[in-house]
Amino acid sequence: MYKRKNFLAIIPARGGSKGIPRKNIFEVNGLPLIQYTIDEAKKSEFLDRVVVSTDDKEIEEVVRKIGGEVPFLRPSELATDNSKTIDAMLHVINGLEEAGENYDYVVLLQPTQPLRKSWHIDEAIKKIVDTNQNSLVSVSEVNDHPILIRTINSGGNLETLLKRESTLRRQEFPSYYKVNGAIYINRLDENFNQYTSLNDNLVPYIMEKEYDIDIDNPIDLEMFKVLLTREG
């Protein structure tokens, strides 16, 4: 709880994964990938409850073994390649409401962003409450600046992505950010529904680029191992 507002954290972990089979419970340095997110969420000063949403009994077993919580399994129709994360979140929120639990905000923590720390979560919570906003998303400054990115038109020529002069010194480049997928926070009111676009959350929480890694393929896993060695 922070300033009398309570927070539910949801960690989504469906069983299917194309890039890395069983990705969420794939062991990295002796720990299942999802444990890095669970452990940091449990360290948060402000999260009131942390739950995992999964359709997979093996993931459920692993989560319980490492001290996580799966209040109920996600229906299989909410765990396909085409399923939306927002629907899985609503499944958890509605299920807990039926059990008499209500929260002011929901915090989505994707296990594929395992470098996010508990203090990132708490800083983001402080920001959304202190600014009295409805939605927040974590962002990181881009590596490939859009001022240098081009498309190729139908005539085979290059076109700039940004309609502005690109002959600038790098130190003159304006800052651009990407949604990094580590933290999403939304107020739980009538505006939070199946049509909510989490990536379009309004308020930015800026994270340093060194904490931004999205585990999507085996190369990402190897990079994660290297970064863990650096932290150690």
Please state which one of Glu190, Glu172 is at pLDDT below 95 and closer than 23 Å to Met89 by Cβ.
Glu190
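Table: residues versus (1) touching a Pro at 6+ places or on another chain (Cβ under 9 Å); (2) of a type outside the set (A, V, I, L, M, F, W, C); (3) closer than 25 Å to Thr37 by Cα.
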{"site": "Ser138", "(1), (2), (3)": "yes, yes, yes"}
{"site": "Asn143", "(1), (2), (3)": "no, yes, yes"}
{"site": "Glu159", "(1), (2), (3)": "no, yes, no"}
{"site": "Ile185", "(1), (2), (3)": "no, no, yes"}
{"site": "Asp200", "(1), (2), (3)": "no, yes, yes"}
{"site": "Tyr205", "(1), (2), (3)": "no, yes, yes"}
{"site": "Pro218", "(1), (2), (3)": "no, yes, yes"}
Within region 91-98, is there a residue that is over 22 Å from Asn199 (Cβ atoms) and of a type in the set (Val, Ile, Thr)?
no
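Table: residues versus (1) touching a Gly at 6+ places or on another chain (Cβ under 6 Å); (2) among the aliphatic types (A, V, I, L, M); (3) surrounded by fewer than 22 Cβ atoms within 10 Å (Cβ to Cβ); (4) in a loop (DSSP other than H, G, I, E, B).
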position	(1), (2), (3), (4)
Ser17	no, no, yes, yes
Gln35	no, no, no, no
Glu69	no, no, yes, yes
Ser83	no, no, yes, yes
Leu96	no, yes, yes, no
Of all residues in region 124-144, how many are buried (at least 16 other Cβ atoms within 10 Å of the Cβ), out of contact with any Ser or Thr (no Cβ under 9 Å at 6 or more places or on another chain) and not in a loop (DSSP other than H, G, I, E, B)?
7
Single residue of region 1-46 satisfying the filter (over 18 Å from the mean Cα position of the chain (by Cα) and of a type in the set (S, T, N, Q)) that is modelled with the highest pLDDT:
Asn6
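Yes/no matrix, rows are residues, columns are (1) under 26 Å from Asn201 (Cβ atoms); (2) in contact (Cβ under 8 Å) with a residue 24 or more places away in the chain; (3) part of a loop (DSSP other than H, G, I, E, B); (4) touching a strand residue (DSSP E or B) at 6+ places or on another chain (Cβ under 6 Å):
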position	(1), (2), (3), (4)
Asp55	yes, yes, yes, no
Ile59	no, yes, no, no
Glu77	yes, no, no, no
Gly100	no, no, yes, no
Any chance region 87-104 includes a residue that's aromatic (Phe, Trp, Tyr), under 16 Å from the mean Cα position of the chain (by Cα) and at pLDDT 95 or above?
no
Subset of region 211-226 [of a type in the set (A, V, I, L, M) and in a helix (DSSP H, G or I)]:
Ile219, Leu221, Met223, Val226
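In region 179-195, what residues are crowded, with 17+ Cβ neighbours inside 10 Å and either part of a loop (DSSP other than H, G, I, E, B) or at negative phi (or both)?
Within region 179-195, Asn180, Ala182, Ile183, Tyr184, Ile185, Asn186, Arg187, Leu188, Phe192 meet the criteria.
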Restricting attention to region 37-53, report how many residues are of a type outside the set (A, V, I, L, M) and assigned to a strand (DSSP E or B).
2
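The values are calculated or read from the model by the stated rules, or taken from the named source; none is laboratory data. These numbers were taken from a predicted model, which means no experiment stands behind them. Cβ sites come from the backbone with ideal geometry, for glycine too, and all protein chains shown count toward neighbours.
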